[in-house]
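Data first, discussion second: the structure below is written as structure tokens.
Read-outs: derived from the displayed coordinates by stated rules, not from any lab. Quick caveat, the model's predicted, so the values are computed rather than measured. We place every Cβ from the backbone using ideal geometry, glycine too, and count neighbours over all the protein chains shown.
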Amino acid sequence: MKKIWILAVLTIFGVVALAQMMGGPDVRYATLMGSDGIKGTAIIATWPSGEHTVFVQVEGLKPSSGVYANHIHYNAAGDANCKAQNGDKILGLTNLMPDANGMAVAYTKVPASVKYPAGTTYVNVHSNNPNPVGASITCGDVAMK
Ligand SMILES: [Cu+2]
């Protein structure tokens, strides 16, 4: 009986130590700004497992106006940024769909097999009119927390 108790304590200590060793996620974020008051926030957490969880929140969209494509943009040169809109490579995120108040939130889980792009990156939300993936309507350069 005593042996089991000791084993249980050792197991708990082991799990706590492992959790501390693994640490928390690396966090990146972006403040999205656009014309017409379309703005928002993106949070990108990269977990010790290599998996990424991405939250994008946007407000100021036209109420109930359908789905909006959004991506993390990067490029081979590693100098992608909102101003230049030069991120010709993308990591796709879950579409944003504004509610009756023009607010939208989307969550994307990116598997560990996908490495976070090297160099600078930005989060871009695209117009859905007239094209499903139109020009940028709000954008934020990604920074490391
Ligand atoms: Cu895009």
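To keep it simple, each residue is scored yes or no on (1) within 16 Å of the ligand (Cβ to nearest atom); (2) touching a Cys at 6+ places or on another chain (Cβ under 6 Å); (3) within 11 Å of Asn124 (Cα to Cα).
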{"position": "Met33", "(1), (2), (3)": "yes, no, yes"}
{"position": "Thr46", "(1), (2), (3)": "no, no, no"}
{"position": "Val54", "(1), (2), (3)": "yes, no, no"}
{"position": "Gln57", "(1), (2), (3)": "no, no, no"}
{"position": "Leu61", "(1), (2), (3)": "yes, no, no"}
{"position": "Ala69", "(1), (2), (3)": "yes, no, yes"}
{"position": "Ile72", "(1), (2), (3)": "yes, no, yes"}
{"position": "Asn81", "(1), (2), (3)": "yes, no, yes"}
Note to self: Considering only residues that are buried (at least 20 other Cβ atoms within 10 Å of the Cβ), touching a Phe, Trp or Tyr at 6+ places or on another chain (Cβ under 7 Å) and not hydrophobic (A, V, I, L, M, F, W, C), which ones fall in segment 97-125?
What the structure shows: Thr121
Check: Among the residues of segment 95-134, how many are more than 16 Å from Ser65 (Cα to Cα) and either among the basic types (Lys, Arg) or in a loop (DSSP other than H, G, I, E, B) (or both)?
Finding: 11
Item checked: Sole exception among (1) away from the ligand (no atom under 16 Å from the Cβ); (2) touching a His at 6+ places or on another chain (Cβ under 8 Å) for Gly87, by number -> (1)
